[in-house]
Amino acid sequence: MFRETNAFGGFSVDNLQKAKAFYGDTLGLDLSEVEEMSILQLHIAGSNDLILYEKPNHTPATFTVLNFPVDDIDQAVKDLKALGVPFESYDFPELKTDENDISRANPSIAWFTDPAGNILSVIQK
């Protein structure tokens, strides 16, 4: 039934303008705003668009909602930190991050949040 459809995903944020600044300016993603619907469309290269919508009673996702594959995770983390993006640090028996906030499991991955608290990651290709 859905085999040939172009499905797309989306998630909520608490402030569309803060999301627009973060995803567009900080992360450098192409996006468009559909004002009449109060949504942002994130144009992800090689993928379908994602939609972000403002939700007054937004609760951040407790799981990773968006992963960005990168060629060099160390450089990506360094570059994002230079832009003021803080990364999550974990020290659990099953999940540990190093001094650069990168989990060196296979594949290496580092997590950060958007202004609404949704969890994103950069992940080594």
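The values are calculated or read from the model by the stated rules, or taken from the named source; none is laboratory data. Note that this is a predicted model, so its numbers are computed, not measured. Glycine also receives a Cβ, built like all others from the backbone with ideal geometry; neighbour counts cover every protein chain displayed.
Annotations for the structure displayed:
- Residues in the stretch 83-125 that are part of a strand (DSSP E or B), touching a residue at least 40 places away in the same chain (Cβ under 8 Å) and either of a type in the set (Phe, Trp, Tyr) or at positive phi (or both): 111 only.
- Residue tally, condition more than 16 Å from residue 119 (Cα to Cα) and in contact with a Phe, Trp or Tyr (Cβ under 9 Å, 6 or more places away or on another chain), over the stretch 6-40: 7
- Tally of residues being assigned to a loop (DSSP other than H, G, I, E, B) and within 19 Å of residue 9 (Cα to Cα) across the stretch 59-81: 5
- When the residues of the stretch 16-58 are filtered to those that are in contact with a Ser or Thr (Cβ under 7 Å, 6 or more places away or on another chain) and not in a strand (DSSP E or B), the one that is surrounded by the most Cβ atoms within 10 Å (Cβ to Cβ) is 16.
- Check on residue 80, aliphatic (A, V, I, L, M), closer than 13 Å to residue 120 by Cα and surrounded by 15 or more Cβ atoms within 10 Å (Cβ to Cβ): yes
- Residue check: residue 3 meets all listed conditions (1) more than 15 Å from residue 115 (Cα to Cα); (2) among the basic types (Lys, Arg); (3) modelled with pLDDT of 95 or more but one, namely (3).
- Restricting attention to the stretch 1-15 and to residues that are part of a loop (DSSP other than H, G, I, E, B) and of a type in the set (S, T, N, Q), the residue that is farthest from residue 120 (Cα to Cα) turns out to be 5.
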